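Taking it in order: structure first as structure tokens, then the write-up.
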Amino acid sequence: MAGIGVATCDVWLDARKTPQQDREVVIEGLMLAWVQGFLSSKNATGAKGRSVLDVPSPETIKRVIDKICGDNPDWKIYIVADTFATVLIDQYRGGGRK
């Protein structure tokens, strides 16, 4: 694997510290966009174009990444995104939408 998705959570946590330098702002933005794209891609794999999850707002995604990464600083971002996607898919199914 390659790209920002294989960065570890400690990179995210460093980027989220305030005050942010320009570099951290860019890293946070890249990682957030990557996770949004990962979550969105799960809907592309749904049967006949059906969604399998609701993609949360950027602020919600940031809070979830903060929590997961805070608990697991050695995890790679793609693992965080996949874990988050699994929870969202379960919530979506539990809401009666299929």
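No value in this document is a laboratory result; all are computed from the given coordinates. It should be emphasised that the depicted structure is a prediction, and the values quoted were computed from it without experimental measurement. Backbone-built Cβ (ideal geometry, glycine too); neighbour counts: all protein chains shown.
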Among S41, Y92, V6, the residue whose Cα sits farthest towards the positive end of the charge dipole of the chain (+1 at Cβ of Lys and Arg, -1 at Cβ of Asp and Glu, taken about the Cα centre) is Y92
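Under 1.5 on a/c is rounded, so check that first for the chain, then, if it is not, pick prolate when a/b is larger than b/c and oblate when it is not; a ≥ b ≥ c are the square roots of the alpha carbon gyration tensor eigenvalues.
Working: a/c = 2.16, a/b = 2.00, b/c = 1.08.
Judged from the Cα gyration tensor, the chain comes out prolate (a/c at least 1.5, a/b above b/c).
Relative contact order (percent) for the chain, with alpha-carbon contacts under 8 angstrom and 6 or more residues of separation?
On the way: 99 pairs, mean separation 37.0, N = 98.
Worked out over the chain, it gives 38 percent.
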Could you give each residue of segment 26-37 its phi-based ³J(HN,Hα) in whole Hz, using Karplus coefficients 6.51, -1.76, 1.60 with θ = phi - 60°, and x for Gly or Pro?
5, 4, 4, x, 5, 5, 4, 4, 5, 5, 4, x
Estimated inter-spin distance, A2 and T18, nm [label 7 Å along Cα→Cβ]
3.7
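Per the helix-only calculation at 222 nm, which mean residue ellipticity applies to the chain, given -39500 (n - 2.57) for every DSSP H run of n ≥ 4 and division by its residues, nearest 500 deg cm²/dmol? Don't jump to the answer; show the numbers that get you there.
On the way: 4 runs with 63 residues, N = 98.
It lands at -21000 deg cm²/dmol.
Please give the net charge around R16, taking every other residue with its beta carbon less than 12 angstrom from that of R16, where Lys and Arg add +1 and Asp and Glu add -1.
Details: positive: K17, K62, R63, K67; negative: D10, D14, E24, E28, D66.
Surrounding charge for R16 is -1.
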Likely footprinting exposure, V80, V52, fewest C-beta neighbours within 10 Å first
V52, V80
In nm, the gap between the two label points placed 7 Å beyond Cα toward Cβ at A33 and N72 is 2.5
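Rounded to the nearest 20 debye, what is the charge dipole size of the chain about its Cα centre when +1 sits on each Lys and Arg Cβ and -1 on each Asp and Glu Cβ?
Values: 13 positive and 12 negative charges, 126 e Å.
Roughly 600 debye for the chain.
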